[in-house]
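The values are calculated or read from the model by the stated rules, or taken from the named source; none is laboratory data. As the structure is a computational prediction, the values presented were derived from the model and not from experiment. No Cβ is skipped: glycine too gets one built from the backbone with ideal geometry, and neighbour counts run over all protein chains shown. All accessible areas refer to the heavy atoms of the entire protein, side chains included, with ligands and DNA or RNA removed. Shrake-Rupley method; radii C 1.70, N 1.55, O 1.52, S 1.80 Å.
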Amino acid sequence: MLALLALLVAAIASCRDDGSTATPSTDTAGEADLASNAADIAAARGLTPDDITAALKTYMPSGRHDDYIMFASGGHGGQLILVGLPSMRILKSIGVFTPEPWQGWGYGSRDSMEILAEGQPNETQTVLWGDTHHPALSETAGDYDGQFVFVNDKAHARVAVVDLRDFETKQIVKNPIAMSDHGGSMVTPDTEWIVEGGQYAAPLGQEYAPIEEYEAEYRGMVTFWKFDRESGRILVEESFAMELPPYWQDLCDAGKLVSDGWVFCNSINTEMATGGIEKGNPPFEAGVSQRDMDYMHIINLDKAAEVAASGQTTEINGFDVIMLDTSIAEGLLYFAPEPKSPHGVDVTPGGDFLVVAGKLDPHVTVYSFAKIQEAIAGGNFTADPYGVPILNFDEVMEAQVELGLGPLHTQFDAQGYAYTSLFLESAVARWALGGPYADKHPEEGWSLVSKQPVQYNIGHLAAAEGDTVSPDGGYLVALNKWAIDRFTNVGPLLPQNFQLIDIAGTGDTMQLLYDMPMGIGEPHYAQIIKADKLNPWEVYPEVGWDPRHQQVDPDAPKVGEERIVRDGNNVEIWMTAVRSHYTPEPIEIQQGDHVIWHITNTERAYDATHGFSLPGYNIQLSLEPGETTTFEFTATESGVFTYYCTEFCSALHLEMVGYFTVEP
Ligand code: RUQ
Ligand code: CUA
């Protein structure tokens with residue numbers, strides 16, 4: 001151990017503060033001090049050589065930035081969580097489906113209130129949470145481009161758009177035909193479409209039908225949201241869905257390169273079980289896994305888009321849907337059998353193979369896209385009860401690789417390896433791809449290479465750019481569902497455990513580097529992007545910026561033009577905020593007045609954010625430099641209220657306050 005330490009210390013000593021590697025130092029006395037100090041620290045803390053290399057690989061000196069940013073969904077916390085790699089520092093949580101007071105998301109600002117209202121699933125309930133599952137970074141030619149990130153809400157079948165110029169949510173669309181989703185968000189290689197596959201079959205259009213009519217009235221679905229990069233919005237009018245049999249569509253992935261224009265979704269419950277042990281039916285957990293095979297859905301998206309554009313659709317709840325008969329007649333949909341409770345379908349970097357894991361099968365099954373095309377052309381089909389053509393399994397299967405217990409999700413690296421999470425085994429399996437990937441690694445194609453144990457119960461995993469056409473490799477994060485004994489007990493609800501794994505080597509060299517407790521949500525999936533692909537604004541481009549429309553608000557309050565204008569019972573306020581003052585300061589109104597209040601933060605300094613809170617009226621804003629925000633409310637409560645700045649912005653932050661008096 002001491003020999004290894006000495007080596008490490010020599011390596012450290014040859015690194016300058018700016019991170020560059022210099023010629024070996026001649027200050028040998030310094031190195032000796034460092035060596036003995038480091039050895040003492042390691043001994044006192046009981047660190048092994050592996051611990052020390054792991055620490056050196058993840059430690060970030062103050063001020064140094066991370067190499068990668070991970071976008072993790074926050075599960076039923078309803079947000080997105082950004083984590084830097086390799087330090088595993090949380091950088092931010094972005095309010096998406098759930099109000100977030102620090103960001104002023106959902107606490108009065110008109111933009112956030114309107115966006116949250118846009119995504120309401122119905123008119124009588126107000127839903128203020130979501131179950132974020134799969135973030136999808138926008139892509140250009142199959143590679144992350146750092147412009148947008150999308151995320152779905154499984155609970156309510158919604159998709160949100162986040163603009164990566166300011167990392168704020170800009171749009172939430174509610175799927176008009178379904179209540180739940182799962183196979184989203186995934187993007188096509190140029191982000192023309194955002195894929196949202198369904199989950200629990202139900203009558204389309206959120207209609208009612210008794211469960212006894214499941215096979216006749218319940219349906220699955222997949223929705224293709226048209227994305228317009230210019231406006232940064234999903235164009236609902238140009239989007240469409242496909243009716244599918246009432247199986248439970250699970251995860252989807254978009255084809256790329258050779259398979260560009262196709263989409264693949266796995267499914268479970270082709271048994272069409274409806275649960276109800278009380279009624280003499282098998283309970284869902286058994287009923288859904290009776291058959292040996294379910295169906296991978298193979299969808300010709302390019303052709304489906306043409307069919308939708310030609311008007312061969314039915315309107316359901318105002319939304320264009322290609323009905324199943326049309327999909328079958330037009331050759332838009334095929335099935336391929338997939339073994340035992342499949343989960344996840346992941347397209348290899350070249351788009352040439354599809355990897356499906358069977359949760360109750362120790363294998364992953366690899367399908368060849370070329371063979372799928374041949375099988376479709378060959379016409380040797382059987383059909384499911386709804387008439388969907390089923391390809392012959394042996395004609396489309398390329399390989400099966402035995403990995404271990406409970407395989408779920410797969411990602412890729414630059415060395416021709418695939419990595420699959422093993423839920424039951426609590427491990428990450430590294431395995432060697434075959435075909436054109438076989439000469440990238442020393443191992444035989446389609447073979448298990450090694451396993452890295454994780455703690456515990458891994459769901460998804462994310463490798464650096466590991467689902468793109470050019471994966472980076474280097475780092476992989478295991479998104480573990482249970483933490484059990486990894487951290488200090490903080491009560492019966494435990495954090496999740498993100499584990500950072502070094503996958504830079506080959507063969508049996510994966511190294512566990514870091515355990516990171518995730519105590520602000522239950523992330524399902526994450527994507528990891530090279531940090532230098534992100535190019536967000538430091539401050540908004542101009543003073544008076546309207547972040548929702550990414551342009552100057554023509555009605556933004558300006559310095560010198562602050563005012564309060566009364567028109568009957570309506571009071572409109574134009575206010576500016578700058579360290580450490582709001583103008584105008586006292587706001588005196590009458591009970592029952594309707595107040596429309598605009599505030600511009602006129603700061604141009606990096607990080608000079610002001611908050612604005614109006615206690616008692618549920619108003620809390622975050623005004624980033626240059627931003628204009630509007631909120632409105634009726635002054636139902638009389639009294640004396642002090643609005644104040646909630647960001648500690650200056651030495652005189654306490655004085656950034658004003659009296660808001662409401663006369664009875
Ligand atoms: S999937 S349970 Cu991403 Cu494994 Cu949702
Ligand atoms: Cu502005 Cu505190």
- Task: Take Gly459 and decide whether it is within 27 Å of His363 (Cα to Cα) and in contact with a strand residue (DSSP E or B) (Cβ under 9 Å, 6 or more places away or on another chain).
- Result: yes
- Query: Among the residues of the stretch 461-480, how many are open to solvent by 10 Å² or more (accessible area, probe 1.4 Å) and assigned to a loop (DSSP other than H, G, I, E, B)?
  - Reply: 6
- Query: What residue, of Gly232, Gly220, Gly184, is open to solvent by less than 10 Å² (accessible area, probe 1.4 Å), at pLDDT below 95 and touching an Asp or Glu at 6+ places or on another chain (Cβ under 9 Å)?
  - Reply: Gly184
- Would you check if there is a residue in the stretch 551-564 being open to solvent by less than 20 Å² (accessible area, probe 1.4 Å) and either assigned to a strand (DSSP E or B) or within 25 Å of Arg233 (Cβ to Cβ) (or both)? yes
- Can you name every residue in the stretch 195-213 that is at pLDDT 95 or above, surrounded by 17 or more Cβ atoms within 10 Å (Cβ to Cβ) and more than 16 Å from ligand 1 (Cβ to nearest atom)? Ala201, Ala202, Pro203, Leu204
- Take the residues of the stretch 32-60 that are assigned to a loop (DSSP other than H, G, I, E, B) and hydroxyl-bearing (Ser, Thr, Tyr): which is most open to solvent (accessible area, probe 1.4 Å)? Tyr59
- Message: Name the single residue that is nearest to the chain's Cα centre (by Cα) among those in the stretch 512-529 being open to solvent by less than 30 Å² (accessible area, probe 1.4 Å) and more than 16 Å from ligand 1 (Cβ to nearest atom).
- Response: Ile529
- Query: If Thr326 passes every condition in (1) over 30 Å from His460 (Cα atoms); (2) out of contact with any Leu (no Cβ under 8 Å at 6 or more places or on another chain) but one, which one does it miss?
  - Reply: (2)
- Item | Checking His65 against (1) open to solvent by 60 Å² or more (accessible area, probe 1.4 Å); (2) in a helix (DSSP H, G or I), the condition it does not meet | (2)
- Task: Could you tell me which of the residues Asn570, Asn618, Asn601 is away from ligand 2 (no atom under 16 Å from the Cβ) and within 24 Å of Glu100 (Cα to Cα)?
- Result: Asn618
- Go through Phe369, Phe335, Phe381 for me and flag whichever is crowded, with 22+ Cβ neighbours inside 10 Å, without any contact (Cβ under 8 Å) to a residue 60 or more places away in the chain, more than 16 Å from ligand 1 (Cβ to nearest atom) and not β-branched (Val, Ile, Thr). Phe335
- Number of the condition not met by Ile177 [criteria: (1) under 18 Å from Ala304 (Cα atoms); (2) under 18 Å from the mean Cα position of the chain (by Cα)]: (2)
- Restricting attention to the stretch 443-460, and to residues there that are assigned to a strand (DSSP E or B) and more than 16 Å from ligand 1 (Cβ to nearest atom), which single residue is surrounded by the most Cβ atoms within 10 Å (Cβ to Cβ)? Gln452
- Task: Identify all residues within the stretch 338-353 that are away from ligand 1 (no atom under 16 Å from the Cβ), under 18 Å from Val195 (Cβ atoms) and surrounded by 23 or more Cβ atoms within 10 Å (Cβ to Cβ); write none if there are none.
- Result: Thr348
- Message: Would you confirm, using the coordinates I've provided, whether Phe412 is closer than 17 Å to Gly344 by Cβ, away from ligand 1 (no atom under 16 Å from the Cβ) and either assigned by TED's automatic domain parsing to the domain that holds Leu85 or at pLDDT below 95 (or both)?
- Response: yes
- Message: Looking only at the stretch 235-257, filter to residues that are within 24 Å of the chain's Cα centre (by Cα) and of a type in the set (Asp, Glu); which one of those is most open to solvent (accessible area, probe 1.4 Å)?
- Response: Glu238
- Just to be sure, is Asp260 open to solvent by less than 40 Å² (accessible area, probe 1.4 Å), touching a residue at least 24 places away in the same chain (Cβ under 8 Å) and assigned by TED's automatic domain parsing to the domain that holds Ala370? no
- Scan the stretch 578-595 and give yes if some residue there is within 16 Å of ligand 2 (Cβ to nearest atom), among the hydroxyl-bearing types (Ser, Thr, Tyr), free of Cβ contacts under 8 Å to residues at least 60 places away in the same chain and buried (at least 20 other Cβ atoms within 10 Å of the Cβ), otherwise no. no
- Query: Is there a residue in the stretch 12-26 that is touching a helix residue (DSSP H, G or I) at 6+ places or on another chain (Cβ under 9 Å), open to solvent by 50 Å² or more (accessible area, probe 1.4 Å), at pLDDT below 95 and not in a strand (DSSP E or B)?
  - Reply: yes
- Taking the options Trp102, Trp129, name whichever one is of a type in the set (A, V, I, L, M, F, W, C), open to solvent by 30 Å² or more (accessible area, probe 1.4 Å) and within 16 Å of ligand 2 (Cβ to nearest atom). Trp102
- Hey, among Gly658, Gly639, which residue is away from ligand 2 (no atom under 16 Å from the Cβ) and not hydrophobic (A, V, I, L, M, F, W, C)? Gly639
